[in-house]
Each structure stands twice: as structure tokens, then as C-alpha cells.
Amino acid sequence: PHLAALVLARGGSKGIPLKNIKLLAGVPLIGWVLRAAIDAGVFHSIWVSTDHDEIEKVAKQFGAQVHRRSPEVSQDSSTSLEAITEFLNHHHEVDIVGNIQATSPCLHPSDLIKVADMIQKEGFDSVFSVVRRHQFRWSEVKKGENKMTEPQNLNPAKRYRRQDWPGELYENGSFYFAKRHLIEKGYLQGGKMAYYEMRAEHSVDIDIDIDWPIAEQRVLSFGYFGKEPLKEVKLLVCSIDGCLTNGRIYVTEDHKEMVSYDYRDIVSIDLLKKRGIQVRLISDRDCSKTLSAMQLGCVAKVSVTNKLQVLKDWQEDMGLSWKEVAYLGNEESDVECLKQAGMSAVPADACAAAQKAAGYICKSRGGCGAVREFAEHIFLLLEKVNSARKQ
């Protein structure tokens, strides 16, 4: 049977404009689930159903095929079932649909592999994701009603301790798998039906986690970052103009150059060094006097015509794998370095080519905290590496 992954990603969003491709921890929101679906290796095809050009572009960058949905199923009132049914009407080869929610960025391939087995090998017609919660429910009393609230799942005289109560299962909205015949009858859940219980820390729903920074912290701690095991970063190479500085050069009447930088970035460089991470600087132009004035104490290479070659020389001299190298750049001359480094980032105002090549796009502009932001991102991933080692 042809098993297709389908991510519904409408362009309209009342809460957050173009939420499905808004950067979450440096990756477009939809990219997290597409990466998990591709690496699971169980789908015959992976699709994004959308009505928006920018979402189509991002979907293709992450390796998905695109189904352009019609205006009829792209309204605020349109249901997921309507969009899935339309998709099936155009793709008769598909026998089973794994509808994966774009708003569940902590989805892991291991979950999708197990669910595929449940529906393909164990014969279930539909499987959906749930999470276990330990929450006491009470009946609602509407305003104006002269009633008392009543306990729904507890005895107030004998309240359970968390460790003594198994809790309850709630849909977490991460995915809904169903066979074609069921969907054609108007159901996403039905027939021989089963749930799949996801780990609580993987049950992040952006529709609920309104606070985007909190969601980013959860993803950095529990998200799926790819097949390759993470390694500790041991070298950060930072482009000077446009990353460490804002790229502007002020010239005085006596022909002296002045640049500005953010002190928070300098503090972050010191913190990186204290964590055992070497920081080296690189520039297309000769900015030796600027570096001397900043007194950073970092190895630097200026007047560079081939940044990638310098990066390779440093990597080989230090005996590092590319996974142990991070790069912060902002111009076309940085693109190949951004592609090669294990971790890469650009400031918010980097050129389009650099943004496309980078793994992380900072919220901060160059010279305005981008180095600090990328350093914090590196520290969080180091925590993830250390946690994985302990496990």
C-alpha cells in the first residue's frame, strides 16, 4: 500500500502571519516535521498541501512534493478532512494518509516508524497520537447559573498523588493516520482504531504554546535534529563585517575608519572561550586596526579572498570534524562556509543567499547581538549533546 505523509499548511493564519514557515529555533516551523518524515524512511511520498507560494518554496527546499489546494478548502472554515479528501481525489495512487501537523515540531522519526507498522503490519484502519496528562477536571458552571461545580475525574476527599494515578490520554494533534476507504466515508478516526502514546516532552503544539520563545526552548531541548549525532562545537568562525559589526564604516575627516559593535557580543565571545570553544575571526577586507582596537584576543585572518580555504585550513590544523565547526556569516562570500560547517547561522539582515545556506537565522541584526544569539544557540545544543551522553 502507498503510504503518503501529508502536511496541511494553509497560508492564512489569524494569530501569527505565515506561521507554518516562521522560523522556530532557526528552522521554518514546517521544516521540523518534514525532516522527521523524510528521515523516518517509511513513506512512499511526502507532500505539503498549501495555497501559498512561499510555503511551497520552503516545502520543496526540505524535499517535499507540493499539492496546490483549491480556494474552496483554503478558507478559515475549511476542515482538515476536506483538505485531505481533495488531496486524495488528485492522487489515486495513495492508499494510506499520514496527516502530520506542521505545528508539532518535536515529532521524531521513531514515532512515525512505529505508527507505520501499526497501520501496515498490524492492520489498523486509523491511528492517532495522544499524550498522557495528569490533570484534574471539573464541570463548567456558566455565568448566571446557580450551580456548584462537580469533580469529573477525582474524589476531592482522596486526591491522587501524581505517582499513584496513571493519568488520562488526550489527543495531542501531532498526527492522524487513516486508510483511504475510511477518509472517503468522512472519517479520520474509525474502523479498527488505535492510539499511539507520545512522550510528553515531544508533545509540543504551537497552536497551544502561544509564547514562541518557550516553544523554541522546548524544541532545542527535545526536537529532532537529524540522523547525524550531535557533537560538541569546538570552533566558531565569525565574519567580522556585518556579523560582529553592523557592516557600517564611518570615515572621519582625517580618513580614519570607525566601526561599532555590541558589547554583549564581546561578552559572548569570552563565554565561548571559557566553555573551551575557540573563536576565530575572518574578513574580506583589511580591518587589522579595528581588531587591534577591540582587543578580542582571537586568531584572525583578514584580506581573505577564499574564506572556505581558510576555514578548511583551520579545521584540519585543529583536527576537527565538520560537525565540530560553527560558522557565522552574512554575505555571498560566506555561503560555501555556511554550507560546510556543522552548525551555521546568519544575522537577520544577511543577504538572501547566505540566509538560504544557513541552518539558523538569528532574530538580531549584525553588530546588534547576533553573535550573542548564536552563542546561546550553541550552548543549548551543547546541553542537548551532554544530555544524550548521559542517557
With (1) modelled with pLDDT of 95 or more; (2) open to solvent by less than 30 Å² (accessible area, probe 1.4 Å) as the list, and ASP313 as the residue in question, which single condition is left unmet? (2)
If you take the residues in segment 146-180 that are over 32 Å from the mean Cα position of the chain (by Cα) and surrounded by 13 or more Cβ atoms within 10 Å (Cβ to Cβ), which one is modelled with the lowest pLDDT? TYR160
Could you list, in sequence order, the residues of segment 265-277 that are outside any loop (DSSP other than H, G, I, E, B) and either touching a Phe, Trp or Tyr at 6+ places or on another chain (Cβ under 9 Å) or open to solvent by less than 60 Å² (accessible area, probe 1.4 Å) (or both)? ASP265, ILE266, VAL267, SER268, ILE269, LEU271, LEU272
Quick check: anything in segment 155-165 touching a Phe, Trp or Tyr at 6+ places or on another chain (Cβ under 9 Å) and either within 27 Å of ASN20 (Cβ to Cβ) or among the acidic types (Asp, Glu) (or both)? no
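Going by the structure shown, is PRO71 more than 20 Å from the chain's Cα centre (by Cα) and open to solvent by 20 Å² or more (accessible area, probe 1.4 Å)?
Working: more than 20 Å from the chain's Cα centre (by Cα): yes; open to solvent by 20 Å² or more (accessible area, probe 1.4 Å): yes.
Judged against the criteria, PRO71 is a match.
Which residues, counting only those in segment 76-85, are open to solvent by 10 Å² or more (accessible area, probe 1.4 Å) and more than 19 Å from ASP207 (Cα to Cα)?
First, pick out the residues of segment 76-85 that are open to solvent by 10 Å² or more (accessible area, probe 1.4 Å): 76-82, 85.
Selection gives GLU82, THR85.
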Can you pull out the residues in segment 17-36 that are more than 22 Å from THR79 (Cα to Cα) and surrounded by 19 or more Cβ atoms within 10 Å (Cβ to Cβ)? LEU24, ALA25, GLY26, VAL27, PRO28, GLY31, TRP32, ARG35, ALA36
Out of LYS339, LYS307, LYS323, LYS289, report the one residue that is farther than 28 Å from SER260 by Cβ, assigned by the TED database to the domain that holds ILE249 and touching a residue at least 24 places away in the same chain (Cβ under 8 Å). LYS323
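Filter segment 37-63 down to residues that are among the aliphatic types (A, V, I, L, M) and touching a Ser or Thr at 6+ places or on another chain (Cβ under 9 Å) and give me whichever is surrounded by the most Cβ atoms within 10 Å (Cβ to Cβ). Walk me through it before giving the result.
Of the residues in segment 37-63, the ones among the aliphatic types (A, V, I, L, M) are 37-38, 40, 42, 46, 48, 55, 58-59.
Then drop every residue that is not touching a Ser or Thr at 6+ places or on another chain (Cβ under 9 Å), which leaves 40, 59.
Working: ALA40: 22, ALA59: 28.
Of everything passing the filter in segment 37-63, ALA59 is surrounded by the most Cβ atoms within 10 Å (Cβ to Cβ).
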If the Cβ limit is 7 Å and pairs must be 6+ apart or interchain, which residue in segment 86-99 that is open to solvent by less than 80 Å² (accessible area, probe 1.4 Å) pairs with which residue that is in a strand (DSSP E or B) and of a type in the set (Lys, Arg)? ASP95/LYS179; ILE96/LYS179
Whichever residue in segment 87-121 is modelled with pLDDT of 95 or more and among the charged types (D, E, K, R) and, among such residues, is nearest to GLY31 (Cα to Cα): ASP111
Does PHE136 satisfy the criteria of being assigned to a loop (DSSP other than H, G, I, E, B) and surrounded by 14 or more Cβ atoms within 10 Å (Cβ to Cβ)? no
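Please enumerate the residues belonging to segment 100-133 that are assigned to a strand (DSSP E or B), under 26 Å from the mean Cα position of the chain (by Cα) and buried (at least 17 other Cβ atoms within 10 Å of the Cβ). Spell out how you get there, then give the answer.
Keep residues of segment 100-133 that are assigned to a strand (DSSP E or B), which gives 100-101, 126-133.
Those left that are additionally under 26 Å from the mean Cα position of the chain (by Cα): 100-101, 127-133.
Scanning segment 100-133 gives ILE100, GLN101, VAL127, PHE128, SER129, VAL130, VAL131.
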Would you check if GLY190 is part of a strand (DSSP E or B) and farther than 26 Å from GLY366 by Cβ? no
Is there a residue in segment 251-261 that is at pLDDT 80 or above and either part of a helix (DSSP H, G or I) or of a type outside the set (Ser, Thr, Tyr) (or both)? no
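Before we move on, is LYS22 of a type in the set (Lys, Arg) and within 29 Å of GLU197 (Cα to Cα)? Explain how you work it out, then say what you get.
Details: of a type in the set (Lys, Arg): yes; within 29 Å of GLU197 (Cα to Cα): yes.
Here the answer is yes, as LYS22 does meet what is asked.
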Could you say which residue among ALA357, ALA352 is open to solvent by less than 60 Å² (accessible area, probe 1.4 Å) and in the same structural domain as ILE240 (by the TED database)? ALA357
Per-region count, segment 228-264, residues hydroxyl-bearing (Ser, Thr, Tyr) and open to solvent by less than 40 Å² (accessible area, probe 1.4 Å): 2
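The values are calculated or read from the model by the stated rules, or taken from the named source; none is laboratory data. Note that the structure is a prediction, hence the values are computed from the model and not measured. With ideal geometry, Cβ positions are generated from the backbone for all residues, glycine too; neighbour counts draw on all protein chains shown. Just the protein is used for accessible areas: all its heavy atoms, side chains included, with ligands, DNA and RNA removed. Shrake-Rupley method; radii C 1.70, N 1.55, O 1.52, S 1.80 Å.
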